[in-house]
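Read through the structure below, which is laid out as structure tokens, and then see the notes.
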Amino acid sequence: MVSLYGILISISILACLLTAEKIFPDKKKAVWDMGFYAVLSGIVGARLYHVIDYRQYYAQDPGKIFMLWNGGLGIWGAVIGGALGVFIYALKHKKSFIELAEVAATVLPLGQAIGRWGNYFNSELAGKETTLPWAIQGKHPIFFYESFLNFLLFFFLVRAAKKERVPGVLISIYLFGYGIIRFFLEFLRVAPWKVGALNVAQMVSILSIVMSLFIYIKGRRA
């Protein structure tokens, strides 16, 4: 079954791969080879994150867990799963995980920016009510906010990639940038996934920011 959501996700993946080989021409072959690992594990991670978030819904009809065309991919799950895929590829082929992860981190916001529009076509990710003129059906268009901010993060990463840099700085920029984006946008979400009184996505965002600082400081000292 073909859906606009699936088409957008496919376009976002292809855009990431094509853009990565342009920005990092010396890693052209690795981009496509590791892409298979990153995409596969990223989709599994994204779906798992989403299913755990909506576990009560899927418990009523477990068969819907496999209906990816209906939407439902958690970005943080995709990031964690994709990173695991890159790590497995690097380990298997004896390549530098940091170098490959930097390639992935540079183009990932582009894929996220494009893929977020899948939420629009699936009528997902509507935020709290607002009277702002750009509201959609009286609610914050969180998908648009995140898409726009991810495009900005992508352009910043591209500029950084063209400069001489310490190892890991592109990963740091991504983790810090997206951590900030997601942390603040979570305040606009309706009934976010929580564990107790804590918003899970914000907890992961804080962890991402802390990790970004650790990676950056470690790279500077190397």
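Comparing mean-square fluctuations of Lys128, Lys194, Lys163 from a GNM of the chain with C-alpha springs under 10 Å, the top value falls on Lys163. Charge dipole of segment 4-221 (Cα centre as origin; +1 on each Lys and Arg Cβ, -1 on each Asp and Glu Cβ, all else neutral): 580 debye, rounded to the nearest 20.
Phi-derived couplings, Karplus 6.51 cos²θ - 1.76 cosθ + 1.60 at θ = phi - 60°, listed residue by residue for segment 46-57: 5, 5, 4, 4, 5, 5, 5, 4, 9, 4, 5, 5 Hz, with x used for Gly and Pro. Report, to the nearest 10°, how far helix 200-221 tilts away from the longest principal axis of the Cα atoms in the chain, using its own Cα long axis and a range of 0 to 90°. Roughly 10 degrees, rounded to the nearest 10. The apolar share of the surface of the chain, taken as the fraction of accessible area on carbon and sulfur atoms (1.4 Å probe, ligands and nucleic acids excluded), comes to 70 percent. At a probe radius of 1.4 angstrom, the accessible area of segment 15-61 per residue rounds to 60 square angstrom.
The HN-Hα couplings worked out from phi for segment 172-180 by the Karplus form 6.51 cos²θ - 1.76 cosθ + 1.60 (θ = phi - 60°) are 4, 4, 5, 4, 5, x, 6, x, 5 Hz, whole numbers, x standing for Gly and Pro.
Between Thr131, Phe151, Val210, the Cα set farthest toward the positive side of the dipole of the chain (charges on each charged residue's Cβ, about the Cα centre) is that of Val210. Taking the helices alone, the chain has a mean residue ellipticity at 222 nm of -23500 deg cm²/dmol, built from -39,500 (n - 2.57) per DSSP H run of at least 4 residues and averaged over all its residues. For the chain, set up a Gaussian network in which alpha carbons nearer than 10 Å are linked by springs, and say which option among Asp33, Asp61, Asp53 fluctuates the most. Looking only at Asp33, Asp61, Asp53, the largest GNM fluctuation is found for Asp61.
For the listed residue pairs Lys163/Lys218; Lys29/Lys92; Lys95/Lys194; Lys29/Lys64, the alpha carbons are over 26 angstrom apart in Lys95/Lys194; Lys29/Lys64.
Here is the P(r) of segment 4-221: all C-alpha pair distances, binned every 5 Å from 0, give 1, 7, 14, 19, 21, 17, 11, 6, 3, 1, 0 in whole percents. Taking Gln60, Gln202, Gln112 as the candidate residues, the one with maximal mean-square fluctuation in a Gaussian network model of the chain, Cα springs under 10 Å, is Gln60.
Find the percent of Cα-Cα distances in segment 38-159 that exceed 23 Å, and round it to a whole number. Of all Cα-Cα distances in segment 38-159, 42 percent exceed 23 Å.
Per residue, the solvent-accessible area of segment 102-164 (1.4 Å probe, heavy atoms of protein chains only, all protein chains present) comes to 55 Å².
The values are calculated or read from the model by the stated rules, or taken from the named source; none is laboratory data. All values reported here derive from a predicted model rather than from experimental measurement. Cβ: placed from backbone, ideal geometry, glycine included. Neighbour counts: every protein chain shown. Note: accessible area is taken over every heavy atom of the protein model, side chains too, but ligands, DNA and RNA are not part of it. Shrake-Rupley method; radii C 1.70, N 1.55, O 1.52, S 1.80 Å.
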